[in-house]
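The next block holds one structure in the form of structure tokens; read it before the comments.
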Amino acid sequence: MIRVRGSGRLPVIATIIVALMLMVVPLPDAAEPFRPDWVTLTLIYWAMTMPRTWSVGSAWIVGIVLDVAQGTILGQHALALSVVVFITVKFHLLVRVFPMQQLAATVFALLALYQFLLFWINGVAGVDAPAIAYWAPVLSGTLLWPVVSVFLRGVSSRVQLR
Amino acid sequence: MVASRANSSNPARIPALGVRVLGAIALSILLMVLDHRQDHLSTVRQAVGVTVYPIQIVVDSPFRLWAWIRESTSDRNQLHLDLGRLQAERLLTSARLQRLAALEAENARLRGLLEARIRVRDDVRVAEIMAVDANPYRHNIVIDIGERDGVYDGQAIVDADGVVGQVIETGFTTSQAMLISDPSHALPVEVNRNGLRTIANGTGEFDSLDLPFLPNNADIRPGDLLVTSGLGGAFPSGYPVAVVRAVNRMPQRRFADVTATPSAALDQVREIMLIWSSANKPQREAEATDD
């Protein structure tokens, strides 16, 4: 078990790095607010499938990297990601057996919570942003969830994690 | 936590999850307070930035490659045209520079007569904007030089036409800068025609700045050039910022409604210049006065 966990870590890290890249890839101005939270989607997936390896601690570290990459307040994304991943891990057994629509609804709720936490921290820190910056990623993220989860399932079966 | 320990034999339970998330939240809040209230965390940012830098490079490289390909495959004719245009431009600017050199010498002499401090020319360095999107809530850009090259927080950035923004965060090899169009950016400016001082705020749109604190009887009209006044300390004085676009005087209001168009093409620039202002860098001033 331990050997398998150790060898399975690298591909997961690779997917997280790809997600981080997608977060900073330039988009046209019109599409920019609709950039899905790739990192959040990826971490939700891994927390759901491998909650023992990918849990709150790793989410926090990835969040700090994301904060630095985007130049937001240090700890903002870290906090939001830790809370979202915590909830995912807490209910991972339940969520894993959900049918597709129900899973999508759960992901929608998780992304909404994530954006709400970011919004809340921005409010406390006095950062002003248009409302579209918060709800657009939730919509696009939920729509892209099936694609992301199918892709990540491919990755995890390819490297023989289970 | 007690419950999780009691159930640790249950394979579905993740040990100490609650404690971990509470720890993560506490740590995040601590970081946020430290980051927001004081400026103690730049070293942390730089350390984490080492992992971010390769990501930025990888994301930026296809755009760079594309630019390089386009440049190297542009045909001979085009290059000839460009060459002719650039030579003509160079002739014009050097002619202007000759006059400027004479004026600068005269200015220094007059200032000497007045016993005013002689203005020192600023050092500049060209940098490129990386094709990397930054903070989703702000008008930020990422540039390809950092602390290694002597970039410092608050440093002024201009392009060929005017002020672009200022550095807000320096990494080791890249930096983030805020554009003057960011809603939280304010820039001390003066009207070039008569020296009227005011503040130019960003509006969140690339093509518009707001001048909120001008009284109705202020001597300002459309077409006036706004230049940096140098009063905020961050920007050296005399760089063009914007051209006044509209002045609406409303008698019932205390202040006139003045908007301006930034001189720099904020959403199109790729190459920018960083200014080492003589006012901000005393050791550079010494170097600059030598020549």
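The values are calculated or read from the model by the stated rules, or taken from the named source; none is laboratory data. Keep in mind the model is a prediction, meaning the values are calculated, not measured. Neighbour counts are summed over all protein chains in view; Cβ atoms, including those assigned to glycine, are modelled from backbone coordinates with ideal geometry.
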Per the filter on the range B:232-259, residues assigned to a loop (DSSP other than H, G, I, E, B) and under 20 Å from B:Leu100 (Cα atoms) are B:Pro236, B:Ser237, B:Gly238, B:Tyr239
In the range B:41-64, residues that are more than 7 Å from chain A (Cβ to nearest Cβ), within 18 Å of A:Ala78 (Cα to Cα) and not hydrophobic (A, V, I, L, M, F, W, C) total 3
Being free of Cβ contacts under 8 Å to residues at least 12 places away in the same chain and touching a Leu at 6+ places or on another chain (Cβ under 7 Å) narrows B:Asp82, B:Asp133, B:Asp75 down to just B:Asp133
- Query: Do we find a residue being within 25 Å of B:Glu169 (Cβ to Cβ) and crowded, with 23+ Cβ neighbours inside 10 Å anywhere in the range A:82-93?
  - Reply: yes
Quick check: anything in the range B:179-188 farther than 19 Å from B:Asp133 by Cα, without any contact (Cβ under 8 Å) to a residue 60 or more places away in the chain, surrounded by fewer than 23 Cβ atoms within 10 Å (Cβ to Cβ) and of a type outside the set (Ser, Thr, Tyr)?
yes
Contact list, first residue from the range B:88-100 and assigned to a helix (DSSP H, G or I), second anywhere and at pLDDT below 90, beta-carbon distance below 6 Å, six or more apart or interchain, is none
Flagged in the range B:1-29 as part of a helix (DSSP H, G or I), exposed (fewer than 12 other Cβ atoms within 10 Å of the Cβ) and at pLDDT 55 or above, in numbering order, are B:Ala26
Note on the range B:142-171: residues part of a loop (DSSP other than H, G, I, E, B) and among the small types (Gly, Ala, Ser) are B:Gly146, B:Gly150, B:Gly154, B:Ala160, B:Gly162, B:Gly171
Worksheet entry | Any chance A:Leu110 is buried (at least 16 other Cβ atoms within 10 Å of the Cβ), closer than 29 Å to B:Leu30 by Cβ and under 17 Å from the mean Cα position of the chain (by Cα) | yes
| task | Kindly indicate whether any position in the range A:57-67 is more than 7 Å from chain B (Cβ to nearest Cβ), closer than 18 Å to B:Asn135 by Cα and more than 13 Å from the chain's Cα centre (by Cα). | result | yes
Restricting attention to the range A:94-119, the residues that are at pLDDT below 90 and of a type in the set (Phe, Trp, Tyr) number exactly 1
- [ ] Evaluate the following for B:Ala218: is it in contact with a Gly (Cβ under 8 Å, 6 or more places away or on another chain) and among the aliphatic types (A, V, I, L, M)?
- [x] no
Note: among A:Ile73, A:Ile17, just one is modelled with pLDDT of 90 or more and within 11 Å of another protein chain (Cβ to nearest Cβ), namely A:Ile17
- Query: Out of all the residues in the range A:85-93, is one or more under 11 Å from the mean Cα position of the chain (by Cα) and either within 22 Å of B:Val44 (Cα to Cα) or facing chain B (nearest Cβ under 9 Å) (or both)?
  - Reply: yes
Those residues of the range B:243-271 which are surrounded by fewer than 17 Cβ atoms within 10 Å (Cβ to Cβ), under 28 Å from B:Trp66 (Cα atoms) and among the hydrophobic types (A, V, I, L, M, F, W, C) amount to B:Ala265
